[in-house]
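FYI, it's all coordinate maths here, none of it is from the lab. Fair warning: this is a prediction, and the values are worked out from it, not measured in the lab. Please note: Cβ atoms are built from the backbone with ideal geometry, for glycine as well, and neighbour counts cover all protein chains shown.
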Amino acid sequence: INRPKTMANSAVLEHSLLRTPYESVHMVTRNTQKLVAKEITDVVAEVKRLSKAAKERTKGANLINATKSITSIVRKLKGLKRKMEEGKKTAKKYVTRCQARLDHLEQISKFARVEIPSCSRGSAGRAKDSADPLALAAKDDVFLQSVDAMLAGHLMRLGCLESAAALTKEADISSLVDTEVFQSAQRVIEGLRNRDCKPALAWCGANRSRLRRSRCALEADLRVQQFVELLKAEKIESALSYAREHLSMSPESHLQTLLHAMGAIAFVPLTASNPLPKRYQYLFGEEKWTELEKIFRTVLFKLNGLPKRSTLAIRLQAGLEALKTPHCGERKQEEGGASKEECVRVASECPVCASGMYKLAGSLSISHRTQSCIVCRMCGKVMDENNRPMALPNGNVYSRKALEENMKRNDGQIFDPRTGETFEISKARSVYIL
């Protein structure tokens, strides 16, 4: 199938935009199927028991018990019907969201393929008339929605749910944001930060089949941590009971960790005269909770088809990698030595070296360039033999075309926007680069 490159690129970058609601629909459908299968099995078993009791009426079948059983069956079926309707409603919501995202991607692809003429200040009246204001407004609105959705997604990854919700409501992008996924995840993360495994274990119970298919051992890690917390509290008998109930079915990949956890029992209670050996200390350290949070985030993103980094960070890194040079990020070297707080040396207005951006660009590879080009600061166009660089008396360099446009707006004078100085065109000198 021959697809436009813009559509293919959108599909790659916005993979999670479609994958996440699909996974939600799949989960709701599977849970509903399991619920129906369980309830129907119970009802059929109850009906068989009643049928058998009816055939044995002469042997003293109790009519009151039969009536109670029938009432219980009716109540179960009504409850099943209500839950199925709720599941259908939830699945429909995610299907509608998926369709809205498909429509959004289609609009992005359409506007990316069709070039809408813009109305520049110096363009002719014919170009101005050819620009469709409605098309321009629609294009801006679609791309602005994408940017807002990326910002909201990034905020939710940082735990700023209220800010993300405010942005989602103001920009009307609820169909492009996976609010439910991050709301449920935030409860788990807050629990782990408060040294509580219960919310995370409840989440694992609700997603056990998906975790098993993905071969994720998050629940085993949480069970071991719960066991260690009991040892910290010196509740050895409770820890042993917990281990018999929950740790006996741990996967083989956790065998070494499990052996260390059981071996640590011999050193409880921990005292100065009975210190914990070094090989067991990683189980009792506070950094274990941070590790569990990282594991949970990895599993959450994997199950919901989300990338490890936000779409905003991915797009920023793609742009920064194209601009990164070997000189980006060099620190100032002074006679007294550079301090940790010193800022990176920047060629002015370098986006890679800008404050906060180099953290994203630090691990990226350097852009491969065989030829350098000089871009005018004033108009943003490349300076070459057709648009020669011109130096002003103050040393600032701009392109010839930019200076000509600048003169038209300033009564024949050159106004330097960086310093505020004014010069005659005769004072500008051509710059030659060898």
Fill in the blank from the handout: Of the listed pairs 93/169; 401/427; 302/359, those with alpha carbons more than 21 Å apart are 302/359
Completion exercise
Here P(r) for segment 374-430, Cα-Cα distances in 10 Å bins, as whole percents, is 26, 62, 12
Exercise for the section: Rank by packing, highest mean first: peptides 221-231, 253-263, with packing defined as the count of other Cβ atoms within 10 Å averaged across residues. Expected result: 221-231, 253-263
Practice task
Compute the separation of the alpha-carbon centres of segment 250-290 and segment 180-240 and state it in Å as a whole number.
Solution key: 17 Å
Handout entry: Cα Rg, Dmax, segment 9-111, angstrom units
Key = 23.0, 80
Fill in the blank from the handout: Packing-ranked peptide list from 140-151, 42-53, 206-217, highest mean Cβ count within 10 angstrom first, is 140-151, 206-217, 42-53
Handout entry: residue 66 versus residue 273: modelled label distance in nm, points set 7 Å from Cα along the beta carbon direction
Key = 7.5 nm
Exercise for the section: Could you work out how far apart the two model spin labels at residue 355 and residue 141 are, taking each label as a point 7 Å from the Cα in the direction of the beta carbon, and quote it in nm? Expected result: 3.7 nm
Exercise for the section: Please report, to one decimal in angstroms, the Kirkwood hydrodynamic radius of segment 179-304 built from all distinct Cα-Cα pairs. Expected result: 15.3 Å
Completion exercise
For segment 159-217, inverting the pair-averaged 1/r of distinct alpha-carbon atoms gives a Kirkwood value in Å of 13.1 Å
Fill in the blank from the handout: Of the listed pairs 52/76; 48/89; 139/408, those with alpha carbons more than 24 Å apart are 48/89; 139/408
